[in-house]
Amino acid sequence: MPDAHWVDSLPRDIDFPTRHRHGCLLGALVLLIAVPLVSIALFNAFSRSVGNAMGQGLAIAVRDSGAFAAADVARVAESRGIEAGTLTLGQVQSADTSVRWRRGNVSSTSLDVVSETTAGDHVLTSVAVTPSACIYGLAVGSASDPIVKTDGLPGVGVFRQEGVGQAGCLAEDAPTSGWVRVSAQDLHDAGVSAP
């Protein structure tokens with residue numbers, strides 16, 4: 001059996017409890033700094049790898065959500081062989097139940113609530129990203145629709161615009177200029193088509 005007084009043989013100038021306490025504090029400090037840094041590095045690496053595929057797709061989906069909704073309404077009109085302006089809100093809602101459709105004078109309150117209005121052969125939509133940050137969409141099915149000229153559009157297609165809604169995100173308050181055409185690839189990736 002080992003000698004019970006082995007501690008007596010150690011130098012007396014070493015204070016084991018104090019050194020042990022300092023070592024624990026130093027170790028805890030290193031962990032407090034290292035764990036978040038490693039977590040952030042891993043998260044950033046994950047975000048870059050997944051983000052390039054999924055995150056970028058999600059960003060495009062949010063950025064173009066109003067445009068995708070407008071294209072969806074235009075598709076409903078096209079499938080019925082009518083101009084978008086003759087569609088009723090009920091027809092749109094029954095054709096697409098993935099979101100809640102509201103009249104153009106009713107504000108969108110989230111990404112799954114769409115304010116929409118139709119006239120002639122075009123559709124205007126608004127989707128709220130936040131209570132006042134809106135994503136507007138415009139789908140134009142005919143080059144002779146007056147909105148092509150009034151909004152300075154290059155012709156038929158699906159367009160998007162970001163903005164701040166003064167009274168909420170209402171489709172009837174959509175901008176009248178500055179529309180950006182949504183690429184055919186982005187429409188295809190979202191499973192919608194241009195009118």
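Within the range 152-176, take every residue that is out of contact with any Ser or Thr (no Cβ under 9 Å at 6 or more places or on another chain) and of a type in the set (Gly, Ala, Ser) and give me the one that is nearest to Ala74 (Cα to Cα).
Within the range 152-176, the match that is nearest to Ala74 (Cα to Cα) is Gly157.
Assigned to a loop (DSSP other than H, G, I, E, B), among the small types (Gly, Ala, Ser), over 25 Å from Thr86 (Cβ atoms) and in contact with a strand residue (DSSP E or B) (Cβ under 7 Å, 6 or more places away or on another chain): is that true of Gly163 in this structure?
In short, no.
When you scan the range 8-122 for helices (runs of 4 or more DSSP H) that lie fully inside it, which ones turn up with 3 or more residues that are at pLDDT below 60 and under 30 Å from Trp179 (Cβ atoms)?
56-63
Which condition number does Pro146 fail, the rest of (1) under 17 Å from Ala74 (Cα atoms); (2) within 20 Å of the chain's Cα centre (by Cα) being met?
Result: Pro146 fails condition (2) only.
Gly137 is checked against (1) assigned to a helix (DSSP H, G or I); (2) surrounded by 13 or more Cβ atoms within 10 Å (Cβ to Cβ) and fails just one. What number does that condition carry?
That leaves (1) as the condition not met.
Specify which of the listed residues (Pro131, Pro195) is in a loop (DSSP other than H, G, I, E, B), at pLDDT below 90 and outside the structural domain of Asp72 (by TED's automatic domain parsing).
Pro195
The values are calculated or read from the model by the stated rules, or taken from the named source; none is laboratory data. Keep in mind the model is a prediction, meaning the values are calculated, not measured. Don't worry about glycine lacking a Cβ; one is built from the backbone with ideal geometry, like all the others, and counts go over all protein chains shown.
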